[in-house]
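Student: Below is the structure I would like to discuss, written out as structure tokens.
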Amino acid sequence: LPHTSVQQSGHIVRATSPISSLPLRQYPAPPPLLNTSTLGVAGEITHAGLRKTKAHSYTLPHTPPPPGRNKQTRMSLGVNGPACTADHMADEKSSMDAKLAQALSILSEQVASQMLGNQASLPRLPIPSLSDSVSDFLRACEPQLSPQDFSDTERACKAFLENPEEGPRLHQALLEYDQQGGKNSYLEEFWERAYLSQRTPISINTNPFFVLEDDPTPARTSQIARATNLVWSSLKFCSSVRDGTLEPDMQRTTPLCMSQYTRLFGTARIPGEGTDTVEFYPDSRHILIMSRGRIYWMDVIGDDGKVCLSQTQIEEALRSIRNDSLSFYIGENLNQAVGLLTTESR
């Protein structure tokens, strides 16, 4: 929000708009954050016959002694027959560590490029013929026009098709535009321009919304529980988008464009004169919560780009936010309800 002041300390703050004289308040901080650098390390993982321990060291897996052999006999058998010394075993372990690290690095790079891995091989969006486009246009118009108006539209379309300076010339210009490099779809640029140029209220005409069914588990049907699960799942999805590990969409065997996923999070539509603009913040770490017309935000992603709060901490933070919004009279909340502006024309 322009000219918005926020509390700079603590985990959760309330945005205060210029139209309100209410003082800024800070929320109770959630429990101490988890040490996310240790997540995924506590458990054992196996790779190439090694076992990774909590101390990030690798140890050879324990093998029971073969029948009839004692410990001394086993220690005297080397890889090629000679005795295995402690230095030799250390060298073998160091070599294995290096090879494993290299393999994991290559695998990590391959996984990170997974989401956008098909972008270079996307099929081009075909351009329909001019006659097909006009036919589709008339088919869409017919249910909405009177017989007389539809008849007039048919005559105008026929003239558009037959006049070489109108339909054929514009269609040829479109075909030439489609041959320019860097485009997989002739519609992309025009679609975004038309989308951002609409001057109608976006909350009804443009923005999608969804309604969740009740959770079949009674303990998870409350508003706070549902919101917590939604936030947690969205954050996991956001992480897979940002690190590029999201599996690419396919239509049977045909890859689909994934570029729009990069603007699914950390993106804002800014109203403007004539047309809106889109601002993208790939390093954003917070979520925004609206409760009874009030706007709150809290950081949920750490410096390492990973989720830094547990589900329990998110649940407690959301409960704190709801309780705070309930502590104000309806008139006080209306003074803060700047979100209502999105119900008006741009």
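Student: Looking only at the range 320-334, count every residue that is open to solvent by 30 Å² or more (accessible area, probe 1.4 Å) and either in contact with a Leu (Cβ under 7 Å, 6 or more places away or on another chain) or among the acidic types (Asp, Glu) (or both) and tell me the total.
Tutor: Count: 1.
Conditions (1) open to solvent by 70 Å² or more (accessible area, probe 1.4 Å); (2) under 20 Å from Ser259 (Cα atoms); (3) in contact (Cβ under 8 Å) with a residue 24 or more places away in the chain, marked per residue:
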| position | (1), (2), (3) |
| --- | --- |
| Ser121 | yes, yes, yes |
| Gln148 | yes, no, no |
| Cys157 | no, no, no |
| Leu161 | no, no, yes |
| Arg169 | yes, no, no |
| Tyr177 | no, no, no |
| Tyr195 | yes, yes, no |
| Val211 | yes, no, no |
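Student: Enumerate the pairs (first residue in the range 130-144 and more than 17 Å from His171 (Cα to Cα); second residue anywhere and in a helix (DSSP H, G or I)) with beta-carbon separation below 8 Å, excluding pairs fewer than 6 apart on the same chain, so at least 6 apart or on different chains.
Tutor: Leu138/Phe150; Leu138/Thr153; Leu138/Glu154; Leu138/Cys157; Cys141/Phe150; Cys141/Thr153; Glu142/Phe150
Student: Just name the residue that is modelled with the lowest pLDDT out of those in the range 321-346 that are closer than 23 Å to Thr228 by Cβ and of a type in the set (A, V, I, L, M).
Tutor: Applying the filter and picking the extreme gives Leu326.
Student: A follow-up question, please. Being open to solvent by less than 60 Å² (accessible area, probe 1.4 Å), touching a helix residue (DSSP H, G or I) at 6+ places or on another chain (Cβ under 8 Å) and acidic (Asp, Glu) narrows it down to one residue among Asp249, Asp276; which is it? Walk me through it before giving the result.
Tutor: Numbers: Asp249 fails: touching a helix residue (DSSP H, G or I) at 6+ places or on another chain (Cβ under 8 Å).
Exactly one residue qualifies, and that residue is Asp276.
Student: Somewhere in the range 306-319, is a residue surrounded by fewer than 11 Cβ atoms within 10 Å (Cβ to Cβ) and either under 23 Å from Phe265 (Cβ atoms) or polar (S, T, N, Q) (or both)? Explain how you work it out, then say what you get.
Tutor: Here is the first cut: in the range 306-319, the ones surrounded by fewer than 11 Cβ atoms within 10 Å (Cβ to Cβ) are none.
No.
The values are calculated or read from the model by the stated rules, or taken from the named source; none is laboratory data. Note that the structure is predicted; figures quoted are calculated from it, not measured. Positions of Cβ are backbone-derived with ideal geometry, glycine not excepted, and every protein chain shown enters the neighbour counts. Keep in mind that these areas ignore ligands, DNA and RNA; they rest on the heavy atoms of the full protein, side chains included. Shrake-Rupley method; radii C 1.70, N 1.55, O 1.52, S 1.80 Å.
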